[in-house]
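Data first, discussion second: the structure below is written as structure tokens.
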Amino acid sequence: MRQVYLDHSATSAVDPRVIEVMMPFFDVRYGNASSLHTMGQEANRALEDARKTVAQKLHCTPEEIIFTSGGTESNNAAFKGAAFTRLRKGKKGHIITSTIEHDCVLNTCQWLESLGFSVTYLPVDNYGLVSPESLEDAITGDTILVSIMHANNEIGTIQDIRELAHIAHERDVLFHTDAVQSVTKVPVDVQEIGVDLLSVSSHKIHGPKGVGCLYVKKGTTVDPLLHGGGHEKGFRSGTENIPGIVGFSEALAIGEEERPREMPRIERLRDELIDGVSIIENSWLNGHPKRRLPINAHFCFRFIEGESLVLRLSGKGIYASTGSACSSKSLKPSHVLLAIGLPPEDAHSSLRLTLGRDNTEGDIQYTLKVLPEVVTDLRKISPFKASFQE
Ligand SMILES: *Cc1c(COP(=O)(O)O)cnc(C)c1O
């Protein structure tokens, strides 16, 4: 059976070119980057070369890159770091984020609320966009951090981060963005968008899992989450994951080099998918028609449960998801879909298809043959059948 992986926003295959550069660091060049001997220095050189590459791709200096264990840690480090810096001065503060952030942001915010911080969750419109005016109105004299994600992991909507960051900076407030989904898909230049903090994850860009980085603009103070041997200039202690970091930097370099020709190719396949699905009755595309990730297509199929759809598709070798990978095991409707104004029953009928480097024209043809059949089939046994036939 044909296998079609359309869940690249959950994770992606490690590119063979990435595996190749990682391999020697497991068993040949396995030194600890803090050791004084030759092997240690060799590891340290690989670490600093990787930092240079990542910095160059994100348009910052190597000193501004802190390697972490991935997107979750980078987001936690930005929020808790800013909060801890404030707590150390004996004060609490106010944080602004949006209602459609990843769970690792929302749950961090909730925990900070339990410590006495206050959090404003900005609403979004039907496309998933935060309004600049709502941000302007929400900032108070007590606001310490604004964080709005660059691209949403479920519906793919891309925010105007440059404009939002500008508003925060006019009021001298730090601005962070979760760029886990946008990096290598659309241009991400930390200077151009003018952010102070930015999170990246390696496994969403055809790199290994468990590694990523936080960009921390020079002069920005955020306290560390992890204390210890003082690695990463004291910001993130713990022996560096050299194979992972080397792989991450290679994945980012490949993704950036290939973006100009690869993303238009993927976008064409994605548009073909959207056009093909649009002829299925009682279905529609969620998110913004234009301001969206080139890899993302997100639909609702009325009268069907997203979970059943995902399982049926899986039986045909097509791997997709409903909602995001993290929340798809719970039966709660997606907070993102509720935030864009979908009623819970429609939010339950969603399907996310996210493309990547490995997808071909044949994959799309196969999906467009199988998906309408599965939808028709499921609707025949739908508990909403009666209302559907009316
Ligand atoms: C996947 C994801 C994360 C978490 O990244 P990990 O590296 O898996 O911890 C954070 N934010 C967004 C938008 C994501 O899609």
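Mind telling me which of the residues ILE279, ILE266, ILE318, ILE254 ends up being among the β-branched types (Val, Ile, Thr), more than 16 Å from the ligand (Cβ to nearest atom) and farther than 19 Å from THR11 by Cβ?
Testing whether each residue is among the β-branched types (Val, Ile, Thr), more than 16 Å from the ligand (Cβ to nearest atom) and farther than 19 Å from THR11 by Cβ leaves just ILE279.
Considering only residues that are farther than 30 Å from LEU355 by Cβ and not in a loop (DSSP other than H, G, I, E, B), which ones fall in the range 144-174?
ILE144, LEU145, VAL146, HIS166, ILE167, ALA168, HIS169, GLU170, LEU174
Could you please give the count of residues in the range 283-310 that are in a loop (DSSP other than H, G, I, E, B) and either among the hydroxyl-bearing types (Ser, Thr, Tyr) or in contact with a Ser or Thr (Cβ under 9 Å, 6 or more places away or on another chain) (or both)?
10
Can we say LEU164 is in contact (Cβ under 8 Å) with a residue 12 or more places away in the chain and under 23 Å from the mean Cα position of the chain (by Cα)?
yes
Answer with yes or no whether VAL54 is touching a strand residue (DSSP E or B) at 6+ places or on another chain (Cβ under 8 Å) and either open to solvent by 60 Å² or more (accessible area, probe 1.4 Å) or at pLDDT 95 or above (or both).
Taking the combined requirement at face value, the residue satisfies it.
Can we say LYS218 is more than 18 Å from SER9 (Cα to Cα), open to solvent by 10 Å² or more (accessible area, probe 1.4 Å) and among the basic types (Lys, Arg)?
The answer is yes for LYS218.
Can you go through THR360, THR367 and tell me which one is at pLDDT 95 or above, polar (S, T, N, Q) and open to solvent by less than 40 Å² (accessible area, probe 1.4 Å)?
THR367
Can you tell me how many residues in the range 123-143 are over 17 Å from ARG171 (Cα atoms) and either open to solvent by less than 40 Å² (accessible area, probe 1.4 Å) or assigned to a helix (DSSP H, G or I) (or both)?
Number satisfying all stated conditions: 4.
Being within 16 Å of the ligand (Cβ to nearest atom) and open to solvent by 20 Å² or more (accessible area, probe 1.4 Å) is the filter here; which residues of the range 84-103 pass it?
Of everything in the range 84-103, those that are within 16 Å of the ligand (Cβ to nearest atom) and open to solvent by 20 Å² or more (accessible area, probe 1.4 Å) turn out to be THR99, HIS102, ASP103.
Taking the condition within 20 Å of VAL211 (Cβ to Cβ), open to solvent by 40 Å² or more (accessible area, probe 1.4 Å) and within 15 Å of the ligand (Cβ to nearest atom), does SER74 pass?
Criteria not met by SER74.
Looking only at residues in the range 188-223 that are more than 11 Å from the ligand (Cβ to nearest atom), in contact (Cβ under 8 Å) with a residue 60 or more places away in the chain and part of a helix (DSSP H, G or I), which one is nearest to CYS104 (Cα to Cα)?
VAL190
The values are calculated or read from the model by the stated rules, or taken from the named source; none is laboratory data. Note that the structure is predicted; figures quoted are calculated from it, not measured. Quick reminder, even Gly has a Cβ in these numbers, built from the backbone with ideal geometry, and neighbours come from all protein chains shown. In case anyone asks, the SASA skips ligands and DNA or RNA and just uses the protein heavy atoms, side chains included. Shrake-Rupley method; radii C 1.70, N 1.55, O 1.52, S 1.80 Å.
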